[in-house]
Amino acid sequence: MITSQQMRAARALLGIDQRQLAALSGVSLPTIQRMEGSEGQVRSVVDTLVKVINALEAGGIEIIGENATSNGVGRGVRLKETASGRQPKRVLSMLFDQAHISEAGSDAP
C-alpha cells in the first residue's frame, strides 16, 4: 500500500506535478487528485494503484512501507512516527548526530 503523503513526497522528489503523474501512469488527473487528497492509505482500484506505483518506481522512487528496511541506495526521506503515533527507537543519524557532537565538543576548553 501507499499513503497519500508518500504519493505527494514521491512527486516532489521527482519534481513533477499531478498532471505529469497522471500522464506517466495513464490515470486521470481527477483520480490522482482524489488519491492524494485522501487520508492515510490510498484507496483505489488495484489496477489504478499499480499503474501509479509503477510510474513512480520507473521514475526512480522506492516506496518504503512502515517499519520496512530500504533495499535501495541513494538519498530519501521517511517519517519518524509510525501510523499508530508511536516513534520508533532512535537510531543515530550519521550527519546530524556527528555534527551535533562536534558542536558540543567545540565548546570544550
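The values are calculated or read from the model by the stated rules, or taken from the named source; none is laboratory data. Given the structure is predicted, the values throughout are model-derived calculations rather than measurements. Methodologically, a virtual Cβ is constructed for each residue, glycine included, from the backbone with ideal geometry; neighbour enumeration extends over all protein chains shown. To get the accessible areas, we keep the full protein, side chains included, count just its heavy atoms, and leave off ligands, DNA and RNA. Shrake-Rupley method; radii C 1.70, N 1.55, O 1.52, S 1.80 Å.
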**Asked** Which condition number in (1) open to solvent by 90 Å² or more (accessible area, probe 1.4 Å); (2) within 23 Å of Gly74 (Cα to Cα) is the one that Ser4 fails?
**Response** (1)
**Message:** Among the listed residues Gly74, Gly60, identify the single one that is modelled with pLDDT of 60 or more, under 13 Å from the mean Cα position of the chain (by Cα) and among the small types (Gly, Ala, Ser).
**Reply:** Gly60
**Request:** Give the residues of the stretch 23-40 that are surrounded by 13 or more Cβ atoms within 10 Å (Cβ to Cβ) and touching a residue at least 40 places away in the same chain (Cβ under 8 Å), sorted by residue number.
**Result:** none
**Prompt:** Filtering the stretch 41-51 down to residues that are hydrophobic (A, V, I, L, M, F, W, C) and exposed (fewer than 13 other Cβ atoms within 10 Å of the Cβ), which residue is nearest to Gln6 (Cα to Cα)?
**Reply:** Val50
